[in-house]
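Step one of this worksheet: look at the structure below.
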Amino acid sequence: MQVRMIGVDYNKADLDTREKFAFTKDEILSSLKIILDNYQVTGAIIISTCNRTELWISQLEEESLDMQKVLCELKNISADDEHKYIKNEIFVTRQGKEAIEHIMVTACGINSKVFGEDQILTQIREALEISREINCTSTTLEKVFLNSVTAGKKVKDSVRLTRDNPSVATSGIKELKEAYGSLEGKDCLIVGNGKMAVLIAEHLIANKANVYMTLRRRYHNSEEQSSNTIKGCKMISYEDRYSYIEKADIVISATLSPHNTITLEGIEGLSLKEPSIWLDLAVPRDIDPRISKKYNITIWDIDNMQEEISEDTQRELLYAKEIIGGYRDEMVKWLEFRKLVPNVNSLLKNIRRDVYLRSEKNLRSIGLDNDMVATVEDIVMEATSKAVSKVLFGLKDTLGEDSWESTFQGLLEASEKDTLKN
């Protein structure tokens, strides 16, 4: 079984490009079904965040898949744009050990635009859960992603990577404070009610700003969805957002909407506070970029969130990579051993058959009836399977990797010999 991924992230792709490869949850679900139904894969997972989109697959060693083509087809990227992206080298592909190390480093926040941020760990776990919803993951991808989360948590517990700003939200607050000097008394409108919006609302309130946050949007005249409410924050209807923009010193939008939540047409005729700073913390972008060209409004997007890595953190980074290396090597070892599973299963089958033939006659000789013999045989077979499996899979840790194949081949050949006469 092989693990492969293709990604588009902030290191090589600008925000305009990343927007084209961003997935909503519904798009992820439909795309995973397409992949599983139409391509030779055993599992697939899609990660889509502000800074990156990654498609992960597991497939048999002999299978091959043009993942770049698949990703572009899923996002309806034209052939001309695809060629342009290839020329600009925005795609990054990895497999095996390199891919495993990448997802573990990413889970720690080391690969994030805001170094050491915590949110990516949750996003990786959620990507796995979405794939599980439609049975699109695989044993191999489960193992890789769960181990990456474990590695990420271990680094978070052991290494001080987050002494710098830990998230896009705190980085945005830092930028605002530097621009305004103080946020106390500033009227701030937050469009959005998810995790990012809540986090930035809490920071603004802590800085004594006046915060207004939209409730979740009502769809098709249904009741408003369950919304987060923050102490010290005034909750308003999403539909009333434009009326509050007029009084806002700062406007922030952080939703998962595939469309603009604040449009140029929507603010025309409003009496806006100018100059002012608006934050767009979404991908694809929430705030119509044309607004900054017509009004004296500065719009900062996700690519404006900068972060410096301290010398202390750089030293801690070396320790983090040691931790990651241990998890990576163990994961690679597990994947290599998985190649021998067919041999292990064949060996286990032969041993079960041998035990059955050796025990059946003896069980009947002690006067057990057929039903009792069957019951005891089931117990013996189950115990045999567990005991033998423990020994066989334990060899992964007690034998050198270079002797795995020869050892299991020898055991398999020995198990196939007819030794019942002995």
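No value in this document is a laboratory result; all are computed from the given coordinates. The structure presented is a predicted model; accordingly, all values stated were derived computationally and were not measured. Quick reminder, even Gly has a Cβ in these numbers, built from the backbone with ideal geometry, and neighbours come from all protein chains shown.
Quick notes
- Its alpha carbons considered, the range 52-170 gives a radius of gyration followed by a Dmax of 16.0, 47 Å.
- Stretchable slack from Ser237 to Asn362, in nm (0.36 nm times residue separation minus alpha-carbon distance): 37.3 nm
- Computed from Cα positions, the angle between helix 139-158 and the longest principal axis of the chain comes to roughly 60 degrees.
- Per-residue Cβ neighbour rank within 10 angstrom, fewest leading, Glu98, Glu54: Glu98, Glu54
- With the simple model of a label 7 Å out from the Cα in the direction of the Cβ, Lys273 to Leu146 spans 5.0 nm.
- Helix 404-415 and the long axis of the chain differ in direction by around 40°, with both axes built from C-alpha atoms.
- With R₀ set to 41 Å, the beta-carbon distance separating Asn135 from Glu413 gives a calculated FRET efficiency near 0.65.
- Once C-alpha pairs closer than 8 Å and six or more residues apart are averaged by separation and normalised to the residue number of the range 340-415, the relative contact order reads 53 percent.
- For the pair Glu73 and Val388 in one chain, pulling the backbone fully straight at 0.36 nm per residue adds 108.7 nm over the alpha carbon distance.
- Stokes-Einstein D for the range 340-415, Kirkwood Rh over Cα pairs, 25 °C, 0.890 mPa s (µm²/s): 179
- In the chain, the longest principal axis of the Cα atoms and the axis of helix 311-338 are about 40 degrees apart.
- Peptides 195-202, 88-95 ranked from most to least packed by the mean count of surrounding Cβ atoms within 10 Å: 195-202, 88-95.
- Highest-first packing order for the peptide set 371-378, 253-260, 339-346 is 253-260, 339-346, 371-378, based on the mean count of other beta carbon atoms within 10 Å.
- Lys pairs, the range 169-304 - Cα-Cα below 19 angstrom, 8 or more residues apart or on other chains: 21
- Of Arg132, Arg358, Arg290, the residue with the greatest mean-square motion in the GNM of the chain, using alpha carbon springs below 10 Å, is Arg358.
- Where labels lie 7 Å past Cα in the beta-carbon direction, separation of Asn345 and Leu318 in nm: 4.6
- Residue of Gly269, Gly185, Gly367 that the Gaussian network model of the chain assigns the largest fluctuation, springs spanning Cα pairs under 10 Å: Gly367
- Once the gyration tensor of the Cα atoms in the chain is diagonalised, the equivalent ellipsoid follows with semi-axes of 54, 23, 22 Å, ordered largest first.
- Length-normalised contact order of the chain in % [C-alpha pairs under 8 Å, at least 6 apart]: 15
- Taking 0.36 nm per residue of separation and subtracting the current Cα-Cα distance, fully stretching the chain between Glu405 and Glu89 would add 109.8 nm.
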